Amino acid sequence: MPFAAPMLDDENDPKKNPNGGVNISGQSTTVSTGVPGQEAAVPGAKQKTSGQYTNIQTYLDANKEQGDQMGGKIADDVSNKAEDATQKIGAYEAKAPTVQAYDPNEAIGRATSLSDAEKATYKTNKATGGYSGPQTVDGIEGYADANKAGTEAATAVKSAGTEAGQRELLKQTYARPQYSAGENNLDQALVQGSAGSRSRMEELGQKYSGLDSALGNANTKVGNAVNSAITQSYNNRQAFTPAEEAARKALIDPIQARANQANATNSGYIDNILNDASDETLSDETLKALGLSEGQNLYDINLRDYVNQDRSQVGLNNAATADERSKYAALQSLFDDPTMSQITADGKTINPVSFNKSKFDTDQAAKDQAWKTLYNDANSGSFDRYVGQNGINAQFMSGLSSQLKNKSLAQVESELLPYYQEAGKTNQAYQVYGADPIKAYLDWAKNSNNVNRKVTKG
């Protein structure tokens, strides 16, 4: 507090006036300063005349430097409060939440290739909509500090511009138990009477005049941001149910349609294949179903014996392809939907018709080998069986029977037949009595063993 040196006159000089007192910083014991709120400290003291004002003004003039210092100290304190409040308001305002619109369809479309981070983002937005913060503005981090500091600083700035406010600021700045109202009034008069102090107070008012509105704007902005975040997060959450339902439908409906079609046509398809496989002439559809090729030797094989049929009802888990199973599993994981259990990774595919190709190949190879053995065996007795079934053709040339009897079918076809065919070119008798009967014998041997029975397309 200022303690300026007293300007002594006859009235204030304690040697000449032992009952008098010096007016220093509101500590007068016998006089009134003339400052509102300060009263005589001694009972019965009389109010001084206008001459006292000269003493107060002189006192104020003498303590101008102290008035500047007090005003500067107050201004610095208020300025520090205002700067601190400005910083806290800015930090609080920066905490305003922002929530972006989230479209679950984009992630759903890439369900099989999403990264773990993208899956986590999807699930977070599904649960929270992207916002799980406070539901009211006062829950935002920094709200309490910003509003307390902002309100106090704005009040201090306003107080710096009024006498009552300056007195309050003085009490806060120079608080002490014995700080009387008179002292407070006198100090305020010092501050008010100082041009430097007045200038600092005016600067405060100009520089921080918008502090109140800044705080109000921050509360409005942050409050609106909270409301917007709540609304957007709600809209985000609402988008998931229809998006997931649409994704499930888009995947399952085509599979179900194929299953329905299969159930409607499989029985007829099986019957067609079985009927077609009753002989060696097969349609393109049957050739494809059985995995056979035109020209394959069948011998006496009955193709129907190798056809397997499955007339089971086809469901989703039977009709789905490998890619569809993979996508279904990806969606089930992304959606966290325990009800998505109709399609598994290893569901059985129902093939209405299958062909036991391995058994067919084994049996066909055995038939082929049996024919080759018979064809090359000179002691197979083929000619004797031929004669037993057909008798001796009178047209056989003399001695032909013995030649045929002692030769294998392979020798007959590669040696005798060419010989008689060549001789028949110059002598018709060799053709009629040799080549023709030999061909009849060979045809009989092949037909009786179904050598010429082959898969044909028709």
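What follows draws every value from the coordinates through simple rules; no lab data is involved. Keep in mind it's a predicted model, so treat the numbers as computed, not measured. Because the Cβ atoms are built from the backbone with ideal geometry, glycine has one as well, and the counts that use them run over all protein chains shown.
Counting only helical runs of four or more DSSP H residues, what would the 222 nm mean residue ellipticity of the chain come to if each run contributes -39,500 (n - 2.57) and the total is spread over all its residues? Write out the running numbers ahead of the final one.
Values: 17 runs with 261 residues, N = 458.
After summing the helix terms and dividing by the residues of the chain, the value is -18500 deg cm²/dmol.
How large is the dipole of the chain about the Cα centre if only Lys and Arg carry +1 and Asp and Glu carry -1, each at its Cβ, rounded to the nearest 20 debye? Could you put the intermediate results ahead of the total?
Numbers: 45 positive and 56 negative charges, 141 e Å.
With Lys and Arg at +1 and Asp and Glu at -1, about 680 debye.
Once the Cα gyration tensor of the range 359-457 is diagonalised, what are the square roots of 5 times its eigenvalues, in whole Å and ordered largest first, as equivalent ellipsoid semi-axes?
Numbers: eigenvalues 150, 44, 29 Å².
Rounded to whole Å, the semi-axes are 27, 15, 12.
Mind giving me the nanometre distance, one decimal, between the label points for Lys249 and Ala378, set 7 Å out from Cα along Cα→Cβ?
Going from the Lys249 label point to the Ala378 one covers 8.3 nm.
Using Cα atoms only, what is the angle between the long axis of helix 116-128 and the major principal axis of the chain, expressed in degrees (0 to 90) to the nearest 10?
Rounded to the nearest ten degrees, it is 60.
Starting from the Cα of Ala365, step 7 Å along the direction of its Cβ; do the same at Thr98; then give the gap between the two resulting points in nm.
7.3
Each label point is 7 Å from the Cα along the Cα-to-Cβ direction; what then is the distance between the points at Ser354 and Ala127, in nm?
Computed distance between label sites Ser354 and Ala127 equals 4.4 nm.
Once mean projected area of the Cα convex hull in nm² is worked out from the coordinates, which option in (1) 44.0; (2) 24.4; (3) 27.2 does it equal?
Evaluating mean projected area of the Cα convex hull in nm² on these atoms matches (1).
In the range 265-361, which GluC sites (Glu not before Pro) are in a loop and have at most 16 other Cβ atoms within 10 Å, using DSSP for the loop call?
On the way: sites: Glu280, Glu285, Glu294, Glu324; in loops: Glu280, Glu294.
Answer in residue order: Glu294.
How much FRET efficiency would the formula 1/(1 + (r/R0)^6) give for Thr321 and Asn235, where r is the Cβ-Cβ distance and R0 is 25 Å, rounded to 0.05? Walk me through the numbers before you get to the answer.
Working: r = 36 Å, r/R0 = 1.43.
Taking R0 as 25 Å, the efficiency between Thr321 and Asn235 is 0.10.
Using Stokes-Einstein with the Kirkwood hydrodynamic radius over Cα pairs, what translational diffusion coefficient do you get for the range 195-335 at 10 °C and a viscosity of 1.306 mPa s, in µm²/s rounded to a whole number?
Working: Rh = 22.8 Å.
The Stokes-Einstein estimate is 70 µm²/s.
Can you spot the lysines whose alpha carbon is less than 22 Å from Lys221's alpha carbon? Ignore those fewer than 8 places along the same chain.
Excluding near neighbours in sequence, the set is Lys88, Lys95, Lys148.
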